[in-house]
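One structure is given here, and the rest of the page talks about it.
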């Protein structure tokens, strides 16, 4: 009997456990159904709001794709042309700069040669004209002083006499 009571107790416990599990499964089913309803509502909202926007974006991209490709192609061609123009400009400026440097060097040499010739000419004029003129000037000054002295002695005698006669 005791075994029978024990068996009944285990059967009752098993029945209670099965009922609890059934309740849990029912609660899980209801929660899943509620979540499923929310997911369906969310999916419907996404379909009604996001899909038209996505379709519109897709159609815009489809329409704009050739234009974008043209813009990219034009930009590529423009950058290639600009690069070529800049390279030509660089070559031209380099050539201009080289020519300018050459002209500056030539001008410097010309000015240096001219200054050297001016110095040489000045020295030659000094040797051939100024020095002899100074020497001649010195000789003339000496002769003039000598003549003045000689002629001045006669004049002094005559001047004193004339001067003396006036006071007499």
*Measure out, as a whole number of angstrom, how far apart the alpha-carbon centroids of the stretch 30-78 and the stretch 82-135 sit.*
75
*Measure nothing fancy, just the Cα-based angle from helix 2-125's long axis to the longest principal axis of the chain, in degrees from 0 to 90, nearest 10.*
10
*Give me the angle, in degrees from 0 to 90, between the Cα long axis of helix 131-167 and the longest principal axis of the Cα atoms of the chain, rounded to the nearest 10.*
50
*Taking only the alpha-carbon positions of the stretch 83-153 and ignoring solvent, what does the Debye formula give for the base-10 log of I(q)/I(0) at q = 0.13, 0.21, 0.23 Å⁻¹?*
-0.67, -0.90, -0.95
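Every number in this text was worked out from the coordinates using simple rules, so none of it is lab data. Please read all numbers here as calculations on a predicted model, not as lab measurements.
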